[in-house]
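Everything on this sheet refers to the single structure shown next.
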Amino acid sequence: MKPSFNHYLNQLYRQYSRQVLATLIRLLGDFQLAEEAMQEAFAAAMQQWPQQGTPDNPKAWLIRAGRNKGIDAIRRRQYANDYAKRQPELTYEQALDENAVADDMLRLIFTCCHPGLSRDAQLALTLREVCGLTTEQLASGLLVPAETVAQRIVRAKRKIKTAGIAYEIPQSNDLPQRLRIVLDVIYLVFNEGYSRSDGDSIVDSSLASQAIELATQLTTLLPQTEVYGLLALMLLHDARKSARQDLKGDLITLEEQDRNLWDKQQIKQGTQWLLKALLSGPPGIYSLQAAIAAVHAESADAESTDWAQIIGLYDRLLALSPTPVVALNRAVAVAMGESLQAGLQLLDQLSGHKAIQNYYLYHSARAELLRRDGQLQAARGAYERALNLTQQGPEKRYLQRRLQQL
């Protein structure tokens with residue numbers, strides 16, 4: 001088999017596997033069966049397409065093939081007759097229905113975010129099933145051991161099956177209470193795409209684009225302030241992606257980025273969604289973060305950044321979400337807008353938080369402020385701590401360069 005075909009199929013898997021899985025769960029009614037059927041469909045494509053040719057619509061082919069594989073498995077389990085009574089035959093036109101496939105993604109994410117599941121299970125299951133993240137990537141994003149993540153996923157799938165949790169988009173009166181966890185999940189998906197937790201690339205455009213697409217769908221499904229705010233936030237961050245790495249794949253910090261490379265059209269779109277959010281109601285955590293991103297986007301260079309406005313926005317954000325990560329970001333803003341010593345003092349106050357102790361960005365930020373303040377020995381220790389905690393290739397190289405420059 002030619003390497004070029006393998007590369008093509010790998011691209012298809014990355015692009016379509018989660019959508020195919022979402023539809024197969026609806027068609028087959030079982031998470032595990034759908035996952036097995038999807039894998040078998042891709043295996044069949046690997047065997048058949050080189051001889052028979054690639055279909056005009058690979059995603060529709062994979063959905064039909066996966067459903068057929070699932071039915072075969074059902075027959076082997078000897079309940080095909082009951083299944084056949086419940087499930088109509090899937091036509092090729094139905095497999096081509098992009099609206100149905102898009103709705104399936106929303107069905108999947110709302111099912112994974114069902115209130116019958118714990119918050120931790122909702123996050124882990126959705127990131128695994130909707131986005132296909134590995135257990136290790138999830139552990140890094142959620143700041144918990146990989147074994148804990150794996151247990152949460154197994155328990156969540158078991159509960160969905162035993163509790164008979166419906167695979168559906170909630171009715172309109174149930175949507176608001178289910179929204180917050182869905183937005184949190186979408187943003188975690190975006191963050192894993194925008195700033196990978198491991199590997200040799202900072203950005204995974206497919207994950208970031210998927211998160212933006214999910215949020216865009218939600219603006220129609222549930223047009224509310226924080227839906228607009230989240231979409232604005234992701235668009236404004238994503239607009240900077242072309243400036244975040246050099247040609248060698250090395251990290252470029254926000255302060256050092258060539259702002260001419262920022263996507264002006266995407267910044268405009270993000271700003272429009274932010275304005276819509278601010279006009280529709282009191283800003284929540286995503287709208288406030290989008291406002292902070294907009295201040296950066298409006299600055300011609302790092303020196304002209306309105307840090308006083310950013311600190312004020314972080315004050316409001318911290319009041320709504322008093323987490324150590326928000327406090328960390330506010331401390332950095334204080335260091336840039338007021339004084340290094342004030343920022344470092346705020347960071348030192350966070351050192352007792354258990355979650356922050358193994359968060360490499362805390363140690364990286366502290367190292368950078370110590371370096372700027374001339375405390376080079378302390379900076380070295382903080383850089384080394386951050387280097388030991390990150391699995392991301394460009395981040396590692398950036399920290400190594402900083403250590404060499406001390």
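Need one word for the stretch 336-406: rounded, prolate or oblate. Basis is the Cα gyration tensor (sqrt eigenvalues a ≥ b ≥ c); a/c below 1.5 gives rounded, then a/b vs b/c decides. The shape class here is oblate.
What length, rounded to one decimal in nm, is gained on full extension from residue 401 through to residue 245, with 0.36 nm per residue of separation minus their alpha-carbon distance?
54.7 nm
When the stretch 336-406 is described by a simple charge dipole with +1 on each Lys and Arg Cβ and -1 on each Asp and Glu Cβ, the residue from 351, 383, 340 located farthest towards its positive end is 383.
Working note: Karplus 6.51/-1.76/1.60 with θ = phi - 60° gives the stretch 324-341 the couplings x, 5, 5, 4, 4, 5, 5, 4, 5, 4, 4, 4, 6, x, 10, 7, 4, 5 Hz, where Gly and Pro are set to x. Given the pairs 248/354; 69/161; 157/354; 59/264, which are separated by over 24 angstrom at their Cα positions? The pairs that break the limit, which is 24 Å between Cα atoms, are 248/354; 157/354; 59/264.
Rounded to the nearest 20 debye, the dipole magnitude of the stretch 336-406 is 280 debye, with +1 charges on Lys and Arg beta carbons, -1 on Asp and Glu beta carbons, and the Cα centre as origin. A simple rule links phi to the HN-Hα coupling: the Karplus curve 6.51 cos²θ - 1.76 cosθ + 1.60 with θ = phi - 60°, which for the stretch 118-135 gives 5, 4, 4, 5, 4, 4, 5, 5, 5, 5, 6, 7, 6, 10, x, 5, 6, 4 Hz, with x for Gly and Pro. Between the C-alpha center of the stretch 108-156 and that of the stretch 4-65 there is a gap of 23 Å. Ranked by how many other Cβ atoms sit within 10 Å of their own Cβ, fewest first, the residues 30, 250 fall in the order 250, 30. Taking amide H as placed 1.01 Å from N in the peptide plane, the amide H of residue 245 sits under 5 Å from that of 252, each at least 5 places away or on another chain.
Nearest 20 debye, what's the magnitude of the dipole of the chain about its Cα centre given +1 on Lys and Arg Cβ and -1 on Asp and Glu Cβ? Numbers along the way, then the final one.
Details: 45 positive and 44 negative charges, 206 e Å.
Roughly 980 debye, rounded to the nearest 20.
Listed by chain and number, the lysines whose C-alpha is less than 28 Å from the C-alpha of residue 268, apart from same-chain residues fewer than 8 away, are 241, 276.
Note on the chain: dipole from Cβ charges, positive end direction compared against 374, 288, 13; the farthest Cα belongs to 13.
Between 216, 272, 182, whose Cα lies farthest towards the positive end of the dipole of the stretch 149-292 when Lys and Arg beta carbons carry +1 and Asp and Glu beta carbons carry -1, centred on the Cα centre? Working it through, the farthest residue towards the positive pole turns out to be 182. Computed across the chain, the Kirkwood radius stands at 23.1 Å (inverse of mean 1/r, all Cα pairs).
From its DSSP helices (H runs of at least four residues, each -39,500 (n - 2.57)), the chain gives a residue-normalised ellipticity at 222 nm of -23500 deg cm²/dmol. Inter-part distance, the stretch 353-376 to the stretch 265-306, computed on C-alpha centroids, equals 27 Å. Summary value for the chain: 11 percent relative contact order, contacts being C-alpha pairs under 8 angstrom separated by 6+ residues. Panel order for 368, 35, 338, 256, by other beta carbons found within 10 Å of each beta carbon, from fewest to most: 256, 338, 35, 368. Cβ crowding within 10 Å, taken as a proxy for footprinting-reagent exposure, orders 296, 237 from fewest neighbours to most as 296, 237. Once the chain from residue 56 to residue 72 is taken as fully extended at 0.36 nm per residue, the excess over their C-alpha distance is 3.3 nm.
We did not get these values from a lab; they are worked out from the coordinates using the rules stated. Only a predicted model underlies this, so the values are computations on that prediction, with no experimental measurement involved. Here the Cβ is made from the backbone with ideal geometry for all residues, glycine too, and neighbour counts use every protein chain on show.
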